[in-house]
1. Which numbered condition trips up Gly301, out of (1) modelled with pLDDT under 85; (2) in contact with a Phe, Trp or Tyr (Cβ under 8 Å, 6 or more places away or on another chain)?
2. Contact list please: Cβ distance under 6 Å, first residue in region 184-209 and more than 16 Å from Leu317 (Cβ to Cβ), second residue outside any loop (DSSP other than H, G, I, E, B) and of a type in the set (A, V, I, L, M, F, W, C), pairs at least six apart or on different chains.
3. Assess whether Asn513 counts as being more than 30 Å from Ile554 (Cβ to Cβ) and free of Cβ contacts under 8 Å to residues at least 24 places away in the same chain.
4. For Thr363, all conditions in the list (1) closer than 19 Å to Gly223 by Cβ; (2) part of a strand (DSSP E or B) hold save one; what is the number of the exception?
5. Select from region 241-263 the residues that are in a helix (DSSP H, G or I), aliphatic (A, V, I, L, M) and under 16 Å from Glu276 (Cα atoms) and list them in ascending order.
6. Please specify each residue of region 283-295 satisfying the condition of being crowded, with 22+ Cβ neighbours inside 10 Å and either part of a loop (DSSP other than H, G, I, E, B) or among the hydroxyl-bearing types (Ser, Thr, Tyr) (or both).
Amino acid sequence: MMTDLNTVRTTVYIDRQELSFETLRLYQAFNEQNRFEIVKNFGSQQAAWLQDPEKLVGYVGQEVYIKFEHMASGAKNQFFGIVTHVEISGDSTDTAGGIRIIGSGQAILLEGVPEKRSFTDMLPNEIVQSILADYRIPFKCNASKELKLPYAVQYDETAFSFLNRLSKTYGEWFYDDGYELIFGKPEQQEELMLDCDADVTDIKLRSSLRPRNTHKYAYETKGNEWPDVAGNKSVKTGIGLLKNLVSVSDRLFNRKFRTELEASMSPGSSLSKLAERESTSYVSDMLCVEASTRTCRVKIGHYVNFNFPGRMNLKSLGQYVVTEVEHIVNRNGHYENRLVAHPSNPVYVPAKETGSSRAYAETGVVVDNADPEGQGRVRVQFEWQQGKTRTNWLRVQTPDAGSSDKVSTNRGFVAIPEIGDQVMVGYEHGNPSRPFVMGSLFHGKSGTGGGAGNKIKSLSTRSGNCLELNDEDGSVSLKDPGSANLLFDGKGNATTNANVSHTINAGSTNMINVGDGASVWQMDKEGNISLTANTEFKIRVGESTVVISKDGKITVNGKDIKIGAAEKLSLSATDATDLGGKKVEITGSSEVTVNGAEVKINK
C-alpha cells in the first residue's frame, strides 16, 4: 500500500524562472553524462509559435535547476544542469504544439573539442584536479592514493571522455550526482532503506555469469621483467547470492585469461592492485537489482537496502549502490523512478565500456637526455605540450640493442638523440600512455641529404667526429674535430694525417708489411726491431746516406763520419781492408802495433 511519503512535488527553474511543464525525464548513471528532457504543451501549433521563438530558443545555454521534494517528509533531491537543445513543434491538425527542452548536467562543459593533454608522475586525484581547475564545476576527488601514474594522456578526446577512461582503467567511481562531479568512491555515503510494500512498485534481481579469472601482465623496463599477476581470488562480497555466483564462475571459467595492462606501468605493486580492481568489478557485475520506486530519496551513488514485508520471511538482499537512475514525471504530475544497483561490496562497481583512445606516430623535440637511471632514455615535448609539460622518460628504438656474455650493457648500436633533435614517437599497441622514440628526423635547417646521386652516407656526432662513405669514388674517411683523419681513397690507397702527434701502441708485435714480404718492419715486446728488404735498404738524412743492397754491399756516405767505441773497435775483412784519404792518422795514446806477414810503409 502506497503512503503519502511517496507523493513528490517537482519544480523546474530555467534561468531562475519557474517553468510549468507536462512531462519530465532525468537520467543519471555512472560513467555517463546526466541528461534530461522537459516537455511543455501549448495546445496547438499556432499557440506554440506564438510563444516568441526567440525567447524559447534563448533557453539554450541557460542553467536549469530541478528539485524533487517529498510533500510529507521534506526530503529533497536536487539537480543542476544546462539546456543544450530546444525544439518547437506542432502537427498539421493544429491540435497539439509545444516545446521540448533537452539538456545535460554541468559536466557537459567537459565535452569540448577533443584535445591532447599529458600528465607525468601524478596521482589520479591530481590529474582530475588539474583538468577541472579550468571549469566552474563543483567536484570531489577521493581516488586511490596508492597508484601514481608515470604517464597519462588525454589523447584526441574530450575531458569527460578522458576522465571516463581514467575511471575505467584504474577502477574508480565516476559520476555526476546532480550537484557535484564525483571521482573515486566517497568516504561516506547515505544509505536508504526501501520498503517493498511502500516505496517499491517493481523489483527484479538479475544474475549473470561472468568470467573473472583474469591475469594481468606488463613490461617493467628497469628490471627487464614481465610480471604476471592474477586477480583477487578471495573477494569479500558480503552477499551470499554473489558468493555462489563467484563459485560457479570460477568452476566454469577455470582457464587463465591473460591480458595486457592498459595503464602505464608504475613501480611497486600497482599491477596487482589493478588486477584486483578489474577482477572485483567483474564480480560486482554478476548481480544487480532493477527496481521502480515512487520515492525521490533514491540518488545516484547512494546505498540502498530492500526491506521485504515480514510476512514474506525473506532474507535481506544486501546492500547495493545505485549506479543508474531515471526520474520520471508524467502528465498527471505523478513521479516515479527506475534504478539499477550493484552490490556495494566489493567496492569496485562494474565500469561501463568507455572505449579506448588510439594514438598514432607523431613528431616531437628532445628536451632532456640525461636519464637519471642511466638507461639511455630521453624526454620529448610534442607541439601540443606547452611550457614545461613533456613526456616521461622514453626508450629509444635502435637497429640493435641488448647484452651478451661478453658485453653486459650497451651491446648493439647506441645513438641517443641530442637535445633539440626532432624525433618520431610511436606508441606500443597504440596506447597513448606508452610512447617510445622510433627514430630521429632531419628538417629543412638540419639536413642536406646525401649529395648528388645520394652518394654520401655518414655518421656525425655533436662535436664534429665524422665517418663518411662516398659511393661515387668508393672512399671512406674518418676525421675528428682536430683534423686528424684517415682516408681510404677507394683505389687501394690509405692515408693517415695527424696535425699534432701520431702514436701506435701494440701489446705484443707491430709489423708493417709491404709487397707481400718484400719490405717488412717488425717490432716486438721483447725489444727487438727487425727491418727486412728484398732489394735495398737506404737511410738518407740531408747529404748523408746509408745504403744496404741485396748484393751484400753496404755504403756509408757523409761529410764527416765518426766511429767510436767505449772499449774496443774492430774492423776486419776476409780479403782486404782499405783505409784511404788525403790524410790518414792513426794515433794510440799508449801504443800502436802494426802486425802483418809483410808490412810495407812508404814515405
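The values are calculated or read from the model by the stated rules, or taken from the named source; none is laboratory data. This is a predicted model, so every value here is computed, not measured. For neighbour counting, all protein chains shown are included, and Cβ atoms are generated from backbone atoms with ideal geometry for every residue, glycine included.
1. Here Gly301 clears every test but (1).
2. Going by the 6 Å Cβ cut-off, the qualifying pairs are Gly184/Cys141.
3. It is false that Asn513 is more than 30 Å from Ile554 (Cβ to Cβ) and free of Cβ contacts under 8 Å to residues at least 24 places away in the same chain.
4. (1)
5. Hit for region 241-263 is Val246, nothing else.
6. If the condition is that a residue be crowded, with 22+ Cβ neighbours inside 10 Å and either part of a loop (DSSP other than H, G, I, E, B) or among the hydroxyl-bearing types (Ser, Thr, Tyr) (or both), then Ser284, Met286, Thr293, Thr295 are the ones that fit.
Here's the yes/no breakdown for (1) in the same structural domain as Phe436 (by TED's automatic domain parsing); (2) within 15 Å of Phe183 (Cα to Cα); (3) touching a residue at least 24 places away in the same chain (Cβ under 8 Å):
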site	(1), (2), (3)
Gln129	no, yes, no
Ile137	no, yes, yes
Ala143	no, yes, yes
Tyr151	no, no, yes
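Quick grid of which residues meet (1) touching a helix residue (DSSP H, G or I) at 6+ places or on another chain (Cβ under 7 Å); (2) over 24 Å from Trp393 (Cβ atoms):
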position	(1), (2)
Ala107	yes, yes
Val113	no, yes
Phe119	yes, no
Pro124	yes, no
Arg136	no, yes
Cys141	yes, yes
